[in-house]
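Here the structure is laid out as C-alpha cells; the discussion comes afterwards.
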Number of protein chains: 2
Amino acid sequence: MQSFELLSQKFALHFEKPHFPAEPASLYLPNEYFLKLGGKRVRPVLCLMGNELFDDIREDAWDVAAAVELFHNFTLIHDDIMDKAPLRRGMETVHTKYGENTALLAGDVMLVKAYDYINRIDGSYLHSILQLFNQTARQVCEGQQWDMDFEKREMVKLDEYLRMIELKTSVLLAASLKMGAILGGAGERNQNLLYEFGRKLGIAFQVQDDYLDAFGDPQKFGKQVGGDILANKKTFLLIHAMESASAHQQKELSNLLTGNEAGKIENVLKIFRDCKVDEWALQLKNKYLDEAFAHLEDIAVLSKRKQPLKELAQFLVQREY
Amino acid sequence: MQSFELLSQKFALHFEKPHFPAEPASLYLPNEYFLKLGGKRVRPVLCLMGNELFDDIREDAWDVAAAVELFHNFTLIHDDIMDKAPLRRGMETVHTKYGENTALLAGDVMLVKAYDYINRIDGSYLHSILQLFNQTARQVCEGQQWDMDFEKREMVKLDEYLRMIELKTSVLLAASLKMGAILGGAGERNQNLLYEFGRKLGIAFQVQDDYLDAFGDPQKFGKQVGGDILANKKTFLLIHAMESASAHQQKELSNLLTGNEAGKIENVLKIFRDCKVDEWALQLKNKYLDEAFAHLEDIAVLSKRKQPLKELAQFLVQREY
C-alpha cells in the first residue's frame, strides 16, 4: 500500500514527458506548456489507489491515470476560455497566452490524446473503462453547462447546486477510483462502493472549499477570503443562507448582493453567522464524509489496504488552506 | 451492393433520432439543432460502403458510421467558432444562435458522443477502430491548426498546402472507408488500399473544390464564383500561380491580393488563365483520381463489389456545382 504522496511522486515521474508530437508546434506547444503548470494530480493518483486497493498496480493503470489527468486538463483549458480566466496556478491560461482559437483546438486534441491512453489498456477491460470514461466526460460537460446556466439565474436550489457539483467535480474523482478498481479485478459491488466513496468525498471537498472561501483563516487560505461573496457566486453557503434566513435577512442579503459596497464581505458573513451557515456547512461536510467512509468500510478487502485512501480523504477535507 | 443514394437514405433514417438526453436542454438542444441542419452524410456512407465492399453490412457498422458523422459535426461546430462563421448551410451556426461558450461545450460533448458510438462495436475490433479513430481525430485537429497558421503567412508551398488538405479533409474520408473495411473483416493490405483510395479521392475533391470556386459555372455553382480570390485564400490555384508565374505576373498578383479593388476577381482569373492554372488543376485532379482508382482496382474483391464506390468517386469529382 503506497501513500498518496509516494504515488503522486511516482505519477509525476511517469507523466513528465512530451505527450504530443513536435509539429505543428503552434498546436502542441500550448498543450505541453499547460501540462507543465503542474497541479496536485489528485485524479490520476486516485486511479492508481483504486487499483492498488485490490491488487498490485498494473502497468496499464498508469495509462488510465494519464488519460484521466489529460481529460482533466482538457476541461481546464476549455473552462478557462468560457470563464475568461486570465490566470491558472499563477500563470497565463492557454487562451491568454496563445489565443482562443488555439486554446479551443489544444483542448480538443488533449481530449483525443486522453482516449489514446485509454486505448492502451488490456482489451478485456476496454469496453467497460471506455463506457465509464465516456459517461463521466458527458457528465462533466453537463456540470459545466449547469454552472454557466446557474450564473444567469437569480437563485438556485440546494439540490440543483448539489447535482451540479456532483457532475462538475465529483463524478471524475469517483470514476478515477472505479477505473482503477475495474483494472484491479474488483467485483461490481466493490467497484460501486468505491465510486460512491469518491462521489461523496467530492461533495464533502466542495462544501469544504465553499466554507474556506468564507470562513478560512486568511493566513493559511492563500487566496482572498470572501472571493465567492464578492463575485456573488452561488455556493453551498449562500444558497443555504437564502433558504434559511428570515424575510428581513433575505432582503438584506439581496441588497448586499446587488451592490458592491465597502464592507460587503463582512456584512454577508455576519448574516451567514447569524443564520448559522458555518455550523451547517461543517455538519454537511461531515455528513458526506461519514457516508463516504461508510462506503469505503463496506468494500470487501482487508482494512489495511484501505489505509492510504482513508488518510487521503482525511487530508483533503481537513485542510485549512 | 447498394448505391450511395440508397445508403445515404438508409443512414438518414437510422441517424434521425435524438442523440442526446433532454437535460440540460441548454447544452443538448444546440446539438440536436445542428445535426438537423443535415448535409450529404458522405463520411458515414463511406463507412457503410467500405463495410459492404467486403461483406454484408454489419449492425455495428451503423454505429461507427454515426460516430464518424458526429465527429465531423463536432469539427464543424468548433471550426465555425474559430472562423467566426455566421452561417452554415444557410442557417445560423451554433455559436451565433446559442453563444460561443455553449458552442464550445456542445462540440465537446458531440465528440464524447462519437466515442460512445465507437464503444458499441464488437470487442474484437474495438482496439483497432479506436486507434484509427484517435489518429484521425488528432490529424484533423492538426490540419485545422495548419490552416489557421497558413492564413497568417504570406505564402505557402504546394506540398505544405497538400499536407494540410490531407489532414483537414482527406484522412477522415479515408478512415471512414477503412473502419468499414476493418469491420468487414478485410485483410490489412485491402484495408490500406481502401484508405489510400479515400485519401487520394479527398485530395482530388479539394482540387475540384478550389477549381470550381474560380472557374465554375456561376449558374450551377450555387455560391459566388471567386469567393476564395476575394478572401485571398491560399488555394491550389493561387499557390501554383505564385510558383509558376513570371516575375512580372507575380508582382501583379501580389498587388491584386493586397488591395480589394473592383475587378479583382477578373484580374486574378486572367493571370490564372495566362499561367494555365486551370489546365494544371484539372490535370492534378485527374492525377489523384487515377491514383485513387488504381488503389481501388488493386483491392482483392470482385470488381462488381467496387461499382458503387467507383460511381460515387466519379460523381464527387465530376460535379459542376
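The values are calculated or read from the model by the stated rules, or taken from the named source; none is laboratory data. Being a predicted model, the structure only gives us computed values, none of them experimental. Note that each Cβ is placed from the backbone with ideal geometry, even for glycine, and that neighbours are counted across all protein chains shown. Only protein heavy atoms, including side chains, enter the accessible area calculation; ligands, DNA and RNA are left aside. Shrake-Rupley method; radii C 1.70, N 1.55, O 1.52, S 1.80 Å.
If you put +1 on each Lys and Arg Cβ and -1 on each Asp and Glu Cβ, how big is the dipole of chain B around its Cα centre, in Debye rounded to 20?
So the dipole magnitude of chain B works out to roughly 300 debye.
When the accessible area of chain B is split by element with a 1.4 Å probe, what percent falls to carbon and sulfur?
Accessible surface attributable to carbon and sulfur in chain B totals 50 percent.
Whole-Hz Karplus ³J(HN,Hα) for the range A:18-30, in order, using 6.51 cos²θ - 1.76 cosθ + 1.60 and θ = phi - 60°, x for Gly and Pro?
x, 9, 10, x, 6, 10, x, 4, 5, 9, 8, 4, x
For the protein assembly as shown, report the accessible area per residue in Å² (1.4 Å probe, heavy atoms, rounded to an integer).
Solvent-accessible surface per residue comes out at 42 Å².
Note down the nm distance, to one decimal, between modelled labels 7 Å out along Cα→Cβ at A:A231 and at B:K264.
Between A:A231 and B:K264, the simple spin-label model gives 4.3 nm.
Given axes a ≥ b ≥ c from the Cα gyration tensor, I'd like to know whether the range B:1-186 is rounded (a/c under 1.5), prolate (a/b larger than b/c) or oblate.
Because a/c hits 1.5 or more and a/b fails to exceed b/c, the range B:1-186 counts as oblate.
Which whole-number percentage describes the relative contact order of chain A, with Cα contacts under 8 Å and a sequence gap of 6 or more?
20
Heavy-atom accessible surface, probe 1.4 Å, ligands and DNA/RNA ignored: which residues of the range A:130-146 lose at least 40 Å² versus the isolated chain?
A:L130, A:N134, A:R138, A:C141, A:E142, A:Q145, A:W146
Treat every Asp and Glu Cβ in the range B:188-321 as -1 and every Lys and Arg Cβ as +1, leave all other atoms uncharged, and give the resulting dipole magnitude about the Cα centre to the nearest 20 debye.
Result for the range B:188-321 is approximately 280 debye, rounded to the nearest 20.
Summing +1 for each Lys or Arg and -1 for each Asp or Glu, what net charge is found among the other residues whose Cβ lies under 10 Å from the Cβ of A:A245?
Value of the local net charge: -2.
Mind listing, in residue-number order, the residues in the range B:66-97 that have at least 50 Å² less accessible area with every protein chain present than in their own chain alone (1.4 Å probe)?
Going by heavy-atom accessible area, the residues of the range B:66-97 that drop by at least 50 Å² are B:M82.
Give me the aspartates and glutamates in straight-line cross-link reach of B:K306: C-alpha distance below 17 Å, same-chain residues under 8 apart excluded.
Excluding near neighbours in sequence, the set is B:E5, B:E52, B:D55, B:D56, B:E196, B:D290, B:E291, B:E297, B:D298.
Note the full-extension length gain between A:K10 and A:R153 as 0.36 nm times their separation in residues minus their Cα-Cα distance, in nm to one decimal.
Result: 47.1 nm gained on full extension.
On a C-alpha basis, how far is the centre of the range A:270-288 from the centre of the range B:1-37 in Å? Whole number, if you could?
47
Residue-wise, which Karplus ³J(HN,Hα) couplings in Hz belong to the range B:294-308, taking 6.51 cos²θ - 1.76 cosθ + 1.60, θ = phi - 60°, and x for glycine or proline?
Listing the rounded values in order: 5, 5, 4, 4, 6, 5, 7, 9, 4, 4, 5, 5, 7, 4, x Hz.
Specify the angular offset, from 0 to 90 degrees and rounded to the nearest 10, of the alpha carbon long axis of helix B:59-83 from the longest principal axis of the alpha carbons in chain B.
40
Ignoring ligands, DNA and RNA, how much accessible area is buried between chains A and B, both sides summed, with a 1.4 Å probe, to the nearest 100 Å²?
Looking at A and B, the buried total is near 3600 Å².
Can you tell me how the protein assembly as shown classifies by the Cα gyration tensor, rounded, prolate or oblate, using a/c under 1.5 as the rounded cut?
In terms of gyration-tensor shape, prolate.
On average, how many beta carbons from a partner chain sit within 10 Å of the beta carbon of a residue in A:17-28?
For peptide A:17-28, the averaged partner shielding equals 3.
State log₁₀ I(q)/I(0) for the range A:188-321 at q = 0.10 Å⁻¹ as given by the Debye formula over alpha-carbon point scatterers of equal weight, solvent excluded.
Scattering profile of the range A:188-321, log10 relative to I(0): -0.40.
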